[in-house]
1. Tell me which residues, restricted to the stretch 107-136, are surrounded by 15 or more Cβ atoms within 10 Å (Cβ to Cβ) and of a type in the set (Gly, Ala, Ser).
2. Return the only residue of ALA75, ALA70, ALA58 being under 18 Å from ALA103 (Cα atoms), more than 11 Å from the chain's Cα centre (by Cα) and in contact (Cβ under 8 Å) with a residue 12 or more places away in the chain.
3. Going residue by residue through the stretch 141-155, is there one that turns out to be at pLDDT below 95, in a loop (DSSP other than H, G, I, E, B) and surrounded by 20 or more Cβ atoms within 10 Å (Cβ to Cβ)?
4. Residues that are buried (at least 16 other Cβ atoms within 10 Å of the Cβ), at pLDDT 90 or above, in a strand (DSSP E or B) and hydrophobic (A, V, I, L, M, F, W, C): does the stretch 79-100 have at least one?
5. Keeping to the stretch 4-52, report how many residues are free of Cβ contacts under 8 Å to residues at least 60 places away in the same chain, assigned to a loop (DSSP other than H, G, I, E, B) and surrounded by fewer than 20 Cβ atoms within 10 Å (Cβ to Cβ).
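The values are calculated or read from the model by the stated rules, or taken from the named source; none is laboratory data. This is a predicted model, so every value here is computed, not measured. Using ideal geometry, Cβ is built from the backbone for each residue, glycine included, and neighbour counts are taken over all protein chains shown.
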Amino acid sequence: MRPPVTRQDLLDALLTGATTTSVLAALIGPPVVVRRLAVDVLPDDTPARAALRPEPDAALLFRRVRLIAAGIEAAEGALWYLPARLWPGMEAVLEATDTPFGAVVAPMGPRRVTLRAEMGDAGAEHSLVVTATVLSAQGEPIAYVQDRFAAWFTP
């Protein structure tokens, strides 16, 4: 059974939460499980590059995932990140496992900065789409995320 979480509750929590995975764990319940999804064609990274401001020759990696909280499919996420700004070993974990990005970068003291939030209309495929940057504790951008939350979040 899905918990009674409104889109506004979700948005409010995302505006103050460190990561999507920590917010979903708090609102729906742990564990938050990530399933990496295949990526056939890389999406345009222009918005991510504008938000992250990488060095000209810096690698920008992409990860697409499905987030499942307490056994309930809650969201799909698209994430661009700068491996050069992560701590040693973090990139390898992200590339080889389904560990949530938020769990991997937790030692860096991340925080989210919401850039845009769009509420879906009744009957829409997603109830809420949130675009954000993830900053390290020092305020350096490390990731650009777009999360699409399941339509079952109530209006």
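1. Selection gives ALA117, GLY120, SER127, ALA132, SER136.
2. ALA70
3. yes
4. Checked against the condition, which is being buried (at least 16 other Cβ atoms within 10 Å of the Cβ), at pLDDT 90 or above, in a strand (DSSP E or B) and hydrophobic (A, V, I, L, M, F, W, C), the stretch 79-100 yields at least one hit.
5. Residues that pass the stated criteria total 12.
Residue-wise test of (1) of a type in the set (Asp, Glu); (2) over 30 Å from PRO4 (Cβ atoms); (3) in contact with a helix residue (DSSP H, G or I) (Cβ under 8 Å, 6 or more places away or on another chain).
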position	(1), (2), (3)
ALA59	no, yes, yes
ILE68	no, no, no
TYR81	no, yes, yes
GLY89	no, yes, no
PRO110	no, no, yes
ARG116	no, no, no
VAL129	no, no, no
